[in-house]
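Comments concern the structure below.
The values are calculated or read from the model by the stated rules, or taken from the named source; none is laboratory data. What you see is a predicted model; the values in this text were computed from it and never measured. Ideal geometry is used to build each Cβ from the backbone, glycine not excepted, and the neighbour counts take in all protein chains shown. Protein only, heavy atoms only, side chains kept; ligands, DNA and RNA dropped before computing areas. Shrake-Rupley method; radii C 1.70, N 1.55, O 1.52, S 1.80 Å.
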Amino acid sequence: VYSIDGKPKEVNVTAPLDYMQKTYPAVMYFPEAKIYPETDAKIFALNGIISFTFVTNSLNYDLGENDIKEISFIFELIKKCSFVSEGEIFAVGSSVGSVKAFLSAKTFGAELAGVAVADAICDFEGQYRMNSGSAQICTVICGGTPEEVPDEYNNRSAVKFSNAILCPVLTVNYTQNPSFSAAQCEDLKKAISKKDKSFKVLAASKDMVVHL
């Protein structure tokens, strides 16, 4: 438990049992609000990964300066941990949490070892236009519609700051999910490819598309 600008924050840390005897890679985990992140944390630990899970819900996400301050605070803390392997800090997120993972890539550049996201939101304005539920959440987070505050949407869209993404990115989107568009990942692929960086389809089916 810690405080950012006087506001209490919480991150849960889960590690393999022998974390004091050896070093492990670490993930900053930004889960989607309605899942059970403690289960994912256990899976990370069983696979030799230390997880720092941010405790929040979708409407507590600011995805702006306040969240970047929080991410930066935890990132610097992780770098000081003797049980975390040097140069092996990743950002993992789903749904709205995927935006935090992309913001981590934007903020830390090549210092971040990689990003992995599911149900990825790469274009915040595109997410706003998905359905009325998405529009409501995006409006609350950004403080208005894309027409009213376009910069707020651009600042949260990986397709707009793709030139700042210097680490490997893995995206997983389900093609039949009405709440998240796999086409957004294709748009990010195109944006990254324009910067002479590789971003390709790793696997695809009628149900799922994976980019790396």
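The protection proxy used here, the mean number of other Cβ atoms lying within 10 Å of each residue, ranks peptides 90-98, 185-193, 18-26 as follows, highest first: 90-98, 185-193, 18-26. Annotation: extensible slack from V55 through E38 equals 5.1 nm (criterion: 0.36 nm per residue apart, minus Cα-Cα distance). Projected label points at E88 and S179, each 7 Å from Cα along the beta carbon direction, are separated by 3.3 nanometres.
All C-alpha to C-alpha distances of the stretch 78-139, sorted into 5 Å bins beginning at zero, yield P(r) values of 4, 18, 21, 19, 15, 9, 6, 5, 2, 0 percent in whole numbers.
Can you pull the Rg over Rh of the stretch 3-149, Cα-only, Kirkwood? Reported Rg/Rh (Cα atoms, Kirkwood Rh): 0.99. Counted over the stretch 1-151, the DSSP beta bridges are approximately 30% antiparallel. Roughly to the nearest percent, how much of the accessible area of the stretch 95-154 is carbon and sulfur, given a 1.4 Å probe? Carbon-and-sulfur percentage of accessible area, whole number: 49. Assuming a ≥ b ≥ c are the square roots of the Cα gyration tensor eigenvalues, decide whether the stretch 137-183 counts as rounded (a/c under 1.5), prolate (otherwise, with a/b larger than b/c) or oblate. In terms of gyration-tensor shape, oblate. Charging the Cβ of each Asp and Glu at -1 and of each Lys and Arg at +1, and nothing else, the dipole of the stretch 84-152 about its Cα centre rounds to 160 debye.
The accessible area of L166, taken with all protein chains in place and a 1.4 Å probe, comes to roughly 110 Å². For the pair K190 and N131, the difference between a 0.36 nm per residue extended length and the Cα-Cα distance amounts to 18.8 nm.
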